[in-house]
1. With region B:235-330 as the region, which helices (runs of 4 or more DSSP H) entirely inside it contain at least 1 residues that are under 13 Å from the mean Cα position of the chain (by Cα) and more than 14 Å from every other protein chain (Cβ to nearest Cβ)?
2. Name the pairs whose Cβ atoms lie under 9 Å apart, with the first residue in region A:40-53 and among the polar types (S, T, N, Q), the second not in a strand (DSSP E or B), and 6 or more positions between them or separate chains?
3. All but one of (1) touching a Ser or Thr at 6+ places or on another chain (Cβ under 6 Å); (2) closer than 30 Å to residue B:316 by Cα; (3) not hydroxyl-bearing (Ser, Thr, Tyr) hold for residue A:15; state the number of the condition that does not hold.
4. Which of the residues belonging to region B:185-222 are part of a loop (DSSP other than H, G, I, E, B) and either among the acidic types (Asp, Glu) or at pLDDT 75 or above (or both)?
5. Show the residue pairs meeting these rules: Cβ distance below 6 Å; 6+ apart or different chains; first residue within region B:266-295 and on the phi > 0 side of the Ramachandran plot; second residue surrounded by 16 or more Cβ atoms within 10 Å (Cβ to Cβ).
6. Criterion first (at pLDDT 85 or above, over 16 Å from the mean Cα position of the chain (by Cα) and within 14 Å of another protein chain (Cβ to nearest Cβ)) does residue B:45 satisfy it?
7. So is residue A:20 loosely packed, with under 14 Cβ neighbours inside 10 Å, charged (D, E, K, R), within 14 Å of chain B (Cβ to nearest Cβ) and in a loop (DSSP other than H, G, I, E, B) or not?
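The values are calculated or read from the model by the stated rules, or taken from the named source; none is laboratory data. This one's a predicted model, so the numbers in the text were calculated from it and none came from an experiment. Note that we place each Cβ from the backbone using ideal geometry, even for glycine, and neighbour counts take in every protein chain shown.
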Amino acid sequence: MVTYFKDIYSGLVSLFIGMEVTFKEFFKPTVTVQYPYETLTMTERYRGHVELIENDEGKPNCIVCGLCQRACPSACITLAGVKPEGEKKKVLTKYILDFTRCSLCGSCVESCNFNALEFSKEYNLASTRREDFIFDLLQRLEDRNK
Amino acid sequence: MSLTLLNVIFAVVVAIAFAAANAAYLVWAERRGAARIQRRPGPNINGPFGLLQPPLDGIKLMAKQLIIPGGADKVLFIAAPVLAMYPAIMSFVTIPFSDTIVAHNINVGILMIFAFASTGSMSLIFAGWSSRNKYSMMSAVRAVSQSVAYEIPMLITTITVVMIAGSMDLMEIVHQQSRSILHWNIFPLLGNSHNILMPASFLIFFICTLAETNRAPFDLGEAESELVAGFHTEYGSMGFGLFFMGEYANIVIGACMTTILFLGGWSCPFGLFPGVWWFLLKLYLLIATFIWIRWTFPRTTIYGLLNLSWKILIPLSLVNLLLTAGLIKVF
């Protein structure tokens, strides 16, 4: 008989404790991010697809050594360059990243000795067409500088 | 008070409008409240604070086709959502909001409200039976056992209050409580009852209201995680909409009854600003508690539900009834 009333009492108390918890939560600020309207800044070490790094003049740092192309395990990278008359270094003319095959391993970034490649912070990638994921990084660099 | 045809039409229209508006905006309040407790913003796109969400949901539901599953009992299938909504609307006719705001006060108001409320569970049974769906059937079975289990303590508690008041007239019950805040039926000793168990009585009535309106933690009829959506699994469009509105209208009725029976109806504490807003304030505080409870507690099991009623609520309410009867005799 005593345990019967004890159970009722302790059960009732536990209910009120639970209600106290939700009551406190009710007045705390919301924590969700309303995604399309507000976005979080990506963390420092986030690995998006690779992006070319530009120098002060807005040209890519790349010297077309081709190490990234060779380092890539999935052969995502296709690049080409020409050596203009009277210049010492090659100039990049084409840098295609096939992101459909990229596994974001970062071997290309690691292999680059000229500070020409970095991970972007791009995460809004969605498309219904395969071709949209074949990025022309040189074009993207120009678009960024516009 | 004479009942002309015009009066009747006016009363019915106001009752339906009040029930529908409450049902629509309680859904909004529920979603916003749930969101706050879970630290989300809730519906906030349509209109300021998402206030346009209920009418837009209504338009969406009305625009949809009502699909009747093959092999379903058509008459019962269509009747069930109507049965879910009408007891609430009928009950509003006799609920007094203040001395003057009442559609038609009858001297057996409590009896009428409970009579209509008990037909509410019929809608769940009809819906579950007629859907020709295993989940709905299970839900109907649960609804029967639940309504049988919880109507008993609810009615015993109500009898306690009726004995104290000596009347089934809702107006009369409120008038007896309106002398001071200490005469509200929830407060023991100094009130009308002299019964120290009245707060427990209030709790029992409140828990039974939760169970009778199929609210969490007693929403075993719906039980999304076990029974898909229970009795309204097969309902779409406004059939589902009516069940939903019926649920919220029943919550309003339950909160109205709790206010009238235990919290002194529209009577104001310490004579401050007497008026109908005291009734509305108590009513919406109770409804807020309903929402608060729903988003605090997980659903009970069917055994837990029945044990609570048969082993705890019914014995306690019987003890309370006897004690009250004894005290009325003594004082």
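1. Of the helices (runs of 4 or more DSSP H) lying wholly inside region B:235-330, those with at least 1 residues that are under 13 Å from the mean Cα position of the chain (by Cα) and more than 14 Å from every other protein chain (Cβ to nearest Cβ) span B:237-262, B:276-294.
2. Once the first residue is among the polar types (S, T, N, Q) and sits in region A:40-53, its partners that are not in a strand (DSSP E or B) give A:41/A:121; A:43/A:121.
3. Checking residue A:15 against (1) touching a Ser or Thr at 6+ places or on another chain (Cβ under 6 Å); (2) closer than 30 Å to residue B:316 by Cα; (3) not hydroxyl-bearing (Ser, Thr, Tyr), the one that fails is (1).
4. Listed by number, the residues that qualify are B:197, B:213, B:214, B:215, B:216, B:217, B:218, B:219, B:220, B:222.
5. Pairs found: none.
6. Taking the combined requirement at face value, the residue does not satisfy it.
7. no
Residue-by-condition table, conditions (1) buried (at least 17 other Cβ atoms within 10 Å of the Cβ); (2) touching a residue at least 60 places away in the same chain (Cβ under 8 Å); (3) farther than 28 Å from residue B:98 by Cβ:
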| residue | (1), (2), (3) |
| --- | --- |
| B:129 | yes, no, yes |
| B:142 | yes, yes, yes |
| B:169 | yes, yes, no |
| B:173 | yes, yes, no |
| B:183 | no, yes, no |
